[in-house]
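Report on the structure given below.
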């Protein structure tokens, strides 16, 4: 009895009534939007969604579209939103013209967009669009324009090192040359321990007596936003340190090696006080023997081979001329015999029958 009364007086939990119609309405709308997007993506599709190119370069975008849109106008548009983007060029030439951007409608073979002479400001979002009543069909393309990677720099002295001007303390300017790259930044470093020291941020480095008080190893570094490279090491050997009349040698790749020791010795050697009273007579004796004459740089076997070839050629020409004369003489004799036979046959009397 008590259990039945407890069940009778137990409170019941009542849930509020929830209508499922708005939920189904939202799902249906969302599904409809997804189908529309899928249908639009099937009607216009490009081979790239993101394009990365270098400054000064170009790119070619290839797209395919539904054959029902063959007669529609196609355009290339720039902007974050497809509603507010700016049309740069279209296939019919009505909206915009550009000497850098070209759009080519090849009909059934597809749609092609080509952009030339890219700059950093050309980075951003673009749209390929096709005119359609009520809603254009558009697909986005992200274009990223980066710097051209730098190449390995080469070191070039502005004066010839073979002049040995450094042996008398003359300055030398070394130029850092980077043949490829955009937005290139130059810097010169000196090898030191524990880390290298920055000397200057320019392409040309001038070596002087003031800046060179000891041996040094230098190199040039080039960099931009996407890459960096460094040159071969330039070695400087200081022979005589000084502020004005120093002496040093520059060792550089692909440059001839010179020696300051000879130049310094010639510069510091005092003039001699001895005078020679004996007059030096020129040697007028000339050796005429072919095997005892001075060596002129041509080997003896080559000279003998050359003269032997010349003698063989002369002998061949003489033999050929002799044989030709003999053949001609025999031919004249044969012609003379034939002529005599013909004359004898004509002069012979005919016998009477």
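The values are calculated or read from the model by the stated rules, or taken from the named source; none is laboratory data. Everything numeric here is computed off the predicted structure, so don't read it as measured data. Cβ sites come from the backbone with ideal geometry, for glycine too, and all protein chains shown count toward neighbours.
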>> Being over 28 Å from residue 55 (Cβ atoms) and surrounded by 14 or more Cβ atoms within 10 Å (Cβ to Cβ) is the filter here; which residues of the range 68-109 pass it?
In response: 69, 72, 73, 105
> What number of residues in the range 201-255 are over 31 Å from the mean Cα position of the chain (by Cα) and assigned to a loop (DSSP other than H, G, I, E, B)?
Replying inline: 14
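Kindly indicate which of 170, 183 is closer than 30 Å to residue 46 by Cβ, in the same structural domain as residue 233 (by TED's automatic domain parsing), out of contact with any strand residue (DSSP E or B) (no Cβ under 8 Å at 6 or more places or on another chain) and not in a helix (DSSP H, G or I). So that I can check it myself, show each step before the final result.
On the way: 170 fails: closer than 30 Å to residue 46 by Cβ.
On inspection, the qualifying residue turns out to be 183.
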>> If I filter the range 100-115 for residues that are touching a residue at least 60 places away in the same chain (Cβ under 8 Å), assigned to a loop (DSSP other than H, G, I, E, B) and either farther than 30 Å from residue 185 by Cα or out of contact with any strand residue (DSSP E or B) (no Cβ under 9 Å at 6 or more places or on another chain) (or both), do I get at least one hit?
In response: no
> From 179, 211, which residue is exposed (fewer than 14 other Cβ atoms within 10 Å of the Cβ) and within 20 Å of residue 226 (Cβ to Cβ)?
Replying inline: 179
